[in-house]
Amino acid sequence: MIPALDTAPLLLVAAPLLLVLAALLAAPLFGLERPGTRAGIVLGVALMVGAYLHWRLTVTIPWDGGWLGLAFAFICLGVELFGLFDAAILFAALLRRTNRSPEADIHERRLHGMLPARLPTVDLLIATYNEPIEVLEKTIIGALALDWPNLNVWVADDGRREWLRDYCRSKGAGYITRPDNFHAKAGNINHALGVTSAPFVAVFDADFVPQRGFLMRTMGFFDDPGIGIVQVPHSFYNHDPMQQNLALRDAMPDDQRFFFEAIMPGRDGWDSAFCCGSNSITRREAFEAIGGGLPSGSITEDMLLTLALLKQGFVTRYLNEPLAFGLAPESLAAFFVQRARWAQGAVQILFLKEGPLGPGVALRHRLFFLPTAWLSQCLMLLVSVIAPLVFLFFDLPPLVGVTAQSAIFHLLPMVAAQVGGIVLLGGGRYFPIAAQVLGLFQSFKLLPVIIKTLWQPYGHAFKVTPKGADAAGGGTERGIFLACAGLMLATLLGLVINAFPDTRIVAQGALVPMVAFWGGINCLVLMLAAMMCFGRPALRAEERFAYADTVAVWHRGNRAATIARGIDLSLSGIALAGEGLAAGDPVRVRLPGIGSLDGRVARAGHGRIGIAFSAEDCGPRDRLIERLFTNSGNTLVGQVPLWSATRALLASIWRAETGLVQMPSVRPRIAEPRLEKRSFVLPPAARFPARAARMG
């Protein structure tokens with residue numbers, strides 16, 4: 001039995017933990033953006049991890065526990081070391097986080113001072129396959145609204161849709177098809193590169209809407225001839241599955257903020273940022289240096305492109321500014337299609353000569369482009385949930401020689417140092433519990449995908465992430481829910497069995513309280529992961545944005561206008577504060593700076609009027625798209641304090657609505673007229689004079 005700790009020994013045992021906590025609290029006082037402070041944080045974490053590993057390797061291995069116990073302990077140790085290896089790479093990246101905005105400011109002022117005719121021509125490619133009009137129209141109109149006079153907007157349509165060709169013609173965008181669909185998105189872009197000629201090529205996915213200043217903020221970096229690509233973050237104007245399913249819409253940023261706003265700026269400091277498939281500009285000369293197009297050996301052709309260009313001396317520069325907004329996965333099915341494709345593609349590059357293990361790659365690039373984090377995260381999270389169960393039911397401890405004192409002295413300081421270090425270096429974009437929940441949730445499905453890809457790297461079809469009406473929203477993950485529920489029940493059952501001497505399985509009864517604490521944390525994470533399994537469909541067909549302008553509303557046939565103040569606005573309608581209209585009334589709404597839109601009152605009463613706009617394609621609708629989606633003000637959540645987000649996440653256990661819901665009806669696919677399979681190029685219309693005038 002471990003004797004009770006009196007005050008003096010407890011303070012002594014807790015000294016390392018208290019020291020770590022004090023250092024984490026004091027670090028911001030020295031300026032977290034100063035290189036010396038960041039280096040000090042990384043050094044402190046390294047010291048804590050080193051002390052922990054010394055204890056872990058010299059004390060906790062059960063050499064006398066039999067081959068089965070030793071094998072299990074070594075499996076746990078191996079997974080732990082694997083996770084620490086990837087954590088070291090993460091800390092190295094966060095050590096050198098960059099801020100390129102001051103450079104972009106200088107470049108933008110210089111470009112604005114140039115004559116429009118002297119600005120280089122840019123081909124903007126929108127790659128599409130099956131996305132519906134409600135997704136594509138935003139991207140096309142947003143691209144055409146860019147502040148850049150020498151711009152060609154092209155829609156590369158692998159779906160060969162007649163209606164999309166006609167839409168592009170009506171808006172002045174170019175339209176391209178090809179005779180086949182080889183190599184999916186990479187092949188589509190490569191074909192488009194072959195029929196265009198501008199010295200710079202911007203690539204956007206079908207759902208990402210560029211902001212007006214996108215080119216003005218990015219093109220100046222190409223003054224450096226060593227820059228091959230400029231990449232900006234993927235930002236979103238809707239909520240991702242975690243925000244939606246756990247009722248965290250206004251309480252927590254989307255799960256990709258840590259990657260795009262902390263990890264990628266850190267990689268940029270090592271010249272190891274990479275192209276992310278959309279929201280990027282590439283020098284055509286760089287494409288020509290590697291054969292004229294994107295590499296097609298992996299379904300994540302974007303990362304492979306950066307590696308290929310690095311070998312030719314071209315760097316990917318990263319500007320951490322939200323200059324394009326798109327759709328986060330709108331359903332659980334869409335989420336897993338996206339993440340499985342990313343994981344497969346990242347693993348595939350290991351087997352290519354252009355990959356991080358191929359010839360001619362610098363050591364830092366080999367380390368930063370290793371895709372091992374996909375595997376280590378899945379293994380770490382699943383083993384952390386399963387290991388206590390193995391101990392409780394089979395008396396096989398993952399480590400021995402552990403007491404409450406040693407855990408407080410060695411384990412807790414290491415955990416606090418790592419988690420606190422990432423929080424500080426991540427600039428407030430890392431939320432530990434949320435990361436554990438989402439990581440565990442996706443691990444159940446991604447681990448089999450990763451293992452299968454390691455065993456069979458190729459032969460996996462490129463799957464497009466469903467967007468818009470095709471995504472449907474909601475959905476359930478019954479398999480993951482049953483796994484989470486089963487693991488929670490098994491953990492509780494194991495603790496109950498070992499709580500009583502007559503039924504206890506484990507020989508070291510003193511360890512049960514510590515395992516109970518471990519199991520309690522696991523049950524909390526499993527509970528939240530289980531709640532994520534019940535998708536909540538979006539409440540509205542279009543995202544709404546705050547809108548406070550005064551608008552005029554005419555009842556058709558009535559010359560007198562109703563003046564009302566706006567509450568929120570979307571592409572499909574507007575909410576007003578006012579009275580005087582009834583549900584069903586046909587109306588015309590005049591929006592300042594946009595024009596008049598026809599619609600019908602959908603609901604009225606209690607001082608509010610809801611009007612649904614008609615979906616008619618017209619000039620005011622285009623201007624409304626520009627107003628809503630190209631003004632750089634569409635981020636749903638900005639900087640959120642760690643404690644506030646964590647509190648909201650924990651509160652979601654009893655606040656979030658869970659359970660099966662009535663799924664919205666999915667619009668049936670109607671057979672669309674298709675163009676013949678051939679290379680077809682519809683040139684874009686001449687640029688509008690107003691664009692050059694705006695530049696001046």
| request: Output the number of residues of segment 324-337 satisfying the condition of being assigned to a loop (DSSP other than H, G, I, E, B) and in contact with a His (Cβ under 8 Å, 6 or more places away or on another chain). | output: 1
| task | Pick out the one residue from ASP250, ASP271 that is open to solvent by 10 Å² or more (accessible area, probe 1.4 Å), at positive phi and part of a loop (DSSP other than H, G, I, E, B). | result | ASP271
| message | Which pairs turn up if I take residues in segment 139-156 that are over 16 Å from SER197 (Cα atoms) and open to solvent by less than 10 Å² (accessible area, probe 1.4 Å) and look for partners that are assigned to a helix (DSSP H, G or I) and of a type in the set (Ser, Thr, Tyr) with beta carbon separation below 8 Å, at least 6 apart in sequence or on another chain? | response | ILE140/TYR167
| field | Pairs, first on the phi > 0 side of the Ramachandran plot and open to solvent by 40 Å² or more (accessible area, probe 1.4 Å) in segment 394-417, second modelled with pLDDT of 90 or more and polar (S, T, N, Q), C-beta under 8 Å, six or more apart | value | GLY401/THR60
| Looking at segment 469-478, is at least one residue open to solvent by 50 Å² or more (accessible area, probe 1.4 Å), outside any loop (DSSP other than H, G, I, E, B) and more than 24 Å from LEU382 (Cα to Cα)? | yes
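Select from segment 442-468 the residues that are among the hydroxyl-bearing types (Ser, Thr, Tyr) and buried (at least 17 other Cβ atoms within 10 Å of the Cβ) and write down the one among them that is modelled with the highest pLDDT.
Taking segment 442-468 as the starting set, the residues that turn out to be among the hydroxyl-bearing types (Ser, Thr, Tyr) are 443, 453, 458, 465.
Okay, now just the ones that are also buried (at least 17 other Cβ atoms within 10 Å of the Cβ), so 443, 453, 465.
On the way: SER443: 97, THR453: 94, THR465: 77.
If we take residues in segment 442-468 being among the hydroxyl-bearing types (Ser, Thr, Tyr) and buried (at least 17 other Cβ atoms within 10 Å of the Cβ), then SER443 is modelled with the highest pLDDT.
Of everything in segment 300-322, what is in a loop (DSSP other than H, G, I, E, B) and either open to solvent by less than 10 Å² (accessible area, probe 1.4 Å) or more than 25 Å from PHE214 (Cβ to Cβ) (or both)? Give them in sequence order.
Taking segment 300-322 as the starting set, the residues that turn out to be in a loop (DSSP other than H, G, I, E, B) are 300, 312-314, 319-322.
Across segment 300-322, the qualifying residues are GLN312, GLY313, LEU319.
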| task | Those residues that are free of Cβ contacts under 8 Å to residues at least 40 places away in the same chain and within 26 Å of ILE141 (Cα to Cα), I need them from segment 286-328; list them, please. | result | ASP302
| query | Within segment 500-519, can you find the residues that are in contact with a helix residue (DSSP H, G or I) (Cβ under 7 Å, 6 or more places away or on another chain), open to solvent by less than 40 Å² (accessible area, probe 1.4 Å) and over 30 Å from THR646 (Cβ atoms)? | reply | VAL506
| Does segment 159-171 contain any residue that is over 20 Å from CYS275 (Cα atoms), in contact with a strand residue (DSSP E or B) (Cβ under 6 Å, 6 or more places away or on another chain) and open to solvent by less than 10 Å² (accessible area, probe 1.4 Å)? | yes
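Quick check on this structure: which one of ALA686, ALA693 is modelled with pLDDT under 65, within 27 Å of LEU111 (Cα to Cα) and exposed (fewer than 12 other Cβ atoms within 10 Å of the Cβ)?
On the way: ALA686 fails: modelled with pLDDT under 65.
Within the list ALA686, ALA693, the selection yields ALA693.
Return the residues of segment 483-497 that are of a type outside the set (Gly, Ala, Ser) and surrounded by 13 or more Cβ atoms within 10 Å (Cβ to Cβ); say none if nothing qualifies.
Taking segment 483-497 first, the residues of a type outside the set (Gly, Ala, Ser) are 484, 487-489, 491-493, 495-497.
Residues satisfying the conditions are CYS484, LEU487, MET488, THR491, LEU492, LEU493, LEU495, ILE497.
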| Applying the selection to segment 15-49, what residues are in a loop (DSSP other than H, G, I, E, B) and not aliphatic (A, V, I, L, M)? | GLY31, GLU33, ARG34
| note | Of (1) in contact with a helix residue (DSSP H, G or I) (Cβ under 6 Å, 6 or more places away or on another chain); (2) open to solvent by 10 Å² or more (accessible area, probe 1.4 Å); (3) under 18 Å from ASN190 (Cα atoms); (4) not acidic (Asp, Glu), GLY292 satisfies every one except (1)
| field | Segments classed as strands (runs of 3 or more DSSP E), wholly inside segment 520-626, with at least 3 members that are farther than 30 Å from GLY439 by Cβ and open to solvent by 20 Å² or more (accessible area, probe 1.4 Å) | value | 550-555, 561-569, 586-591, 595-605, 608-613
| note | Scanning segment 42-67 for residues that are modelled with pLDDT under 95, of a type in the set (Gly, Ala, Ser) and buried (at least 16 other Cβ atoms within 10 Å of the Cβ) gives GLY65
| request: Tell me which of these GLY297 doesn't satisfy, since it passes every other one: (1) open to solvent by 10 Å² or more (accessible area, probe 1.4 Å); (2) touching an Asp or Glu at 6+ places or on another chain (Cβ under 6 Å). | output: (2)
| message | Considering only residues that are over 26 Å from the mean Cα position of the chain (by Cα) and open to solvent by 70 Å² or more (accessible area, probe 1.4 Å), which ones fall in segment 82-112? | response | ILE106, ARG109, ARG110, HIS112
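The values are calculated or read from the model by the stated rules, or taken from the named source; none is laboratory data. Keep in mind that what you see is a predicted model, and the values were worked out from it rather than measured. Because the Cβ atoms are built from the backbone with ideal geometry, glycine has one as well, and the counts that use them run over all protein chains shown. Just the protein is used for accessible areas: all its heavy atoms, side chains included, with ligands, DNA and RNA removed. Shrake-Rupley method; radii C 1.70, N 1.55, O 1.52, S 1.80 Å.
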